[in-house]
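A short reminder: the numbers here are calculations on the coordinates, not readings from a lab. Because the structure is a prediction, the values reported are computed rather than measured. Here the Cβ positions follow ideal geometry from the backbone for every residue, glycine too, while neighbour counts run over all protein chains shown.
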Amino acid sequence: MNTIDDFLAILRDELGLQVSTQQAALNLDQVAAWDSVYLLSLLTILERRTGRSLQLADMLEAATLEDMYAVAVAA
């Protein structure tokens, strides 16, 4: 996962969540169908793909998908 587009592809391919680049900057409550189950699933997928542990607390603080991407690449 090298770019935000790679991150969004994971959301589309692994979670079936249809998100666009424009939606990445929206608050999560504005992303259609987003909920805590997606968050936990995404966290698991990202840990598996990167081989690194991500902090749930950091992901919970993320207000947008872009924020989640930043957490994932910073870990």
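Worth pointing out:
- Flag for Ala9 being out of contact with any helix residue (DSSP H, G or I) (no Cβ under 8 Å at 6 or more places or on another chain), more than 12 Å from Tyr69 (Cβ to Cβ) and exposed (fewer than 14 other Cβ atoms within 10 Å of the Cβ): no
- Within segment 17-40, no residue satisfies the criterion of being in a helix (DSSP H, G or I), among the polar types (S, T, N, Q), surrounded by fewer than 16 Cβ atoms within 10 Å (Cβ to Cβ) and touching a residue at least 12 places away in the same chain (Cβ under 8 Å).
- Selection of segment 44-55 for residues being surrounded by 11 or more Cβ atoms within 10 Å (Cβ to Cβ) and either in contact with a Ser or Thr (Cβ under 8 Å, 6 or more places away or on another chain) or over 12 Å from Ala75 (Cβ atoms) (or both) yields Thr44, Ile45, Glu47.
- If the condition is being touching a helix residue (DSSP H, G or I) at 6+ places or on another chain (Cβ under 7 Å) and in a helix (DSSP H, G or I), then segment 51-75 contributes Leu56, Asp58, Met59, Leu65, Glu66, Met68, Tyr69, Val71, Ala72.
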